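The values are calculated or read from the model by the stated rules, or taken from the named source; none is laboratory data. From a predicted model like this one, the values you see are computed outputs, not experimental measurements. Reconstructed Cβ throughout: ideal geometry from the backbone, glycine too, with neighbour counts over all protein chains shown.
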Amino acid sequence: MKLVKGADIRELTQKDYRWNFIVNCIDNAFFSVGMTFGSVFTLFPVFAKNLGASNVELGLISAITNLGWGIPAIWGAKYAERSAKKLNLVLKVTMLERIPYLFVAIISLYLVGFSTKLSLYLSISMMGVAVFAMGFLGPPWMSMIEKVIEPRRRGTYFAMGSGLGAILGVGGSLIAKNLLASHPFPKNFAYVFFVGFIFFMLSLLFLALTREVPDQRVYDDEPVINYMRKMRSVFTDKNFRNFLIERIISSFMFSSSGFITVYLLKKLSLPDDLAALFTAVVLSSQGLSSFLFGPLGDKMGHKLNLFMSKVFYVSAIVTALLSKNVFQAYIVYGFMGIVNTTGNVGSMAITLDLTSGKRKELYMGSLYFLTAPFSFIAPLICGKMIDAFGYSVPFLTTSVIGIFNLFYLLKFIVDPRMKKAAQD
């Protein structure tokens, strides 16, 4: 570790915190809308299915997504520890998570007519670039948020950004539905991905407005293999080790999520453009629930949010299996919106709570890196099970895993926020 020459010794003021809360909520909101137009859980799997993707290839989309969010994180953590201002590192890399959506739009317009198979794999590759960039930026962005957002408002921040993005995303989903219904394939998806890219660029403008004070000390550079060896120190933290195991179990629970839309469209004989309405239902539910569960987690601990995410995911899977009409399908996506809120807000907020005062970049990089192989293989296994047994067996299997995960969470994870409140 070394001192940063000429580092600003001032601290953020309450005015700075309020400013950061606003601009980062707007950034988060626009980014969430962009993800709506390129959702790997609803629209993109339907796009891939139209290109002839098999169940294994649909599983590959989820697998690459999960792998991309995890494996590069250890490199992102290493570079974040060397960066006094995390924002500078984020801004250098962030175009790699945004511009692939423009390329997928171009592929849809000009390459699909030439070769659907080539278009499929190039599009999946572009999604891979985007999510690998997101994975790399996970630790530096989270480290930045830990610095620029007041600790007592972190859950509220994650929820507000998600909630605003969801509310805007409802309108975006209706736009997507109109684009999908009023234009022939593949032009309809090209327009959808292009609009998503526009929202990603809008979010970038507000991200760049973040006010961050440089760290006084940064870690020395070292070979990545040496840095990875230091992950062993993370396992001496029993509570964080148990949280890591809980995340691994969750990856198998969520392995069926990428198949829900394709399953319901096929089961209920629904048109593809209804996937956009499903997205709108998800976002409406996510937006409304965000304003409840974010502040609630700040008050009662974000272990509660993780608990609720599992309850609602199991409920969504069971409802999907029992659904006989489109109204019941909407209930599934209503549940999934709450899953998004409680799962995302809970996991991010409790991660910051668990790593507060510790070598947070190493902790976060280790978490994402070590869960990635399981997140990668889980949807591939689920896809294979669907090919072998149909949808019911793997869906019920992931529900059972979810119930087991509930009990593991309750018994082995100590919420640091509630522990601190009890000590005070």
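Worth a mention:
Here is a yes/no grid of residues against (1) among the aliphatic types (A, V, I, L, M); (2) closer than 25 Å to residue 369 by Cα; (3) assigned to a loop (DSSP other than H, G, I, E, B):
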site	(1), (2), (3)
129	yes, yes, no
136	no, yes, no
146	no, yes, no
176	yes, no, no
184	no, no, yes
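- Residues that are assigned to a loop (DSSP other than H, G, I, E, B) and in contact with an Asp or Glu (Cβ under 9 Å, 6 or more places away or on another chain) within segment 341-375 comprise 356, 358, 359, listed in sequence order.
- Selection status of residue 308, among the hydrophobic types (A, V, I, L, M, F, W, C) and within 19 Å of the chain's Cα centre (by Cα): yes
- Scanning segment 125-156 for residues that are closer than 24 Å to residue 275 by Cβ, in contact (Cβ under 8 Å) with a residue 24 or more places away in the chain and surrounded by fewer than 20 Cβ atoms within 10 Å (Cβ to Cβ) turns up 128, 129.
- So residue 338, is it modelled with pLDDT of 90 or more and in a helix (DSSP H, G or I): yes
- Checking residue 72 against (1) of a type outside the set (Val, Ile, Thr); (2) under 28 Å from residue 171 (Cα atoms); (3) out of contact with any Leu (no Cβ under 8 Å at 6 or more places or on another chain), the condition it does not meet: (2)
- Residue match in segment 310-329 (condition: buried (at least 20 other Cβ atoms within 10 Å of the Cβ) and farther than 18 Å from residue 254 by Cβ): yes
- Out of 367, 380, one residue alone is among the aliphatic types (A, V, I, L, M), at pLDDT below 90 and under 19 Å from the mean Cα position of the chain (by Cα). It is 380.
- Evaluation of residue 336 against (1) more than 15 Å from the chain's Cα centre (by Cα); (2) more than 18 Å from residue 400 (Cβ to Cβ); (3) surrounded by 23 or more Cβ atoms within 10 Å (Cβ to Cβ) (one fails), failing number: (1)
- Condition broken by residue 319, with the remaining ones in (1) within 12 Å of residue 335 (Cβ to Cβ); (2) of a type in the set (Val, Ile, Thr); (3) in contact (Cβ under 8 Å) with a residue 60 or more places away in the chain satisfied: (3)
- Within segment 253-283, considering residues that are more than 18 Å from residue 315 (Cα to Cα) and among the small types (Gly, Ala, Ser), the one surrounded by the most Cβ atoms within 10 Å (Cβ to Cβ): 275
- Residue within segment 157-175 that is over 27 Å from residue 18 (Cβ atoms), small (Gly, Ala, Ser) and crowded, with 24+ Cβ neighbours inside 10 Å present: yes
- Inter-residue pairs, beta-carbon under 9 Å, first more than 13 Å from residue 153 (Cα to Cα) and in segment 287-309, second of a type in the set (Lys, Arg), 6+ apart: 303/417
- Residue in segment 385-399 that is within 15 Å of residue 247 (Cα to Cα) and either buried (at least 17 other Cβ atoms within 10 Å of the Cβ) or not acidic (Asp, Glu) (or both) present: yes
- Test set (1) among the hydroxyl-bearing types (Ser, Thr, Tyr); (2) in contact with a Gly (Cβ under 8 Å, 6 or more places away or on another chain); (3) closer than 17 Å to residue 36 by Cβ - residue 156 fails condition number: (3)
- Listed by position, the helices (runs of 4 or more DSSP H) inside segment 1-99 whose residues that are of a type in the set (Gly, Ala, Ser) and modelled with pLDDT under 90 number at least 2 are 14-37, 55-70.
- The residue pairs whose first member lies in segment 193-206 and is surrounded by fewer than 18 Cβ atoms within 10 Å (Cβ to Cβ), whose second member is in a helix (DSSP H, G or I), and whose beta carbons are closer than 6 Å, counting only pairs six or more residues apart or on different chains, are 202/30.
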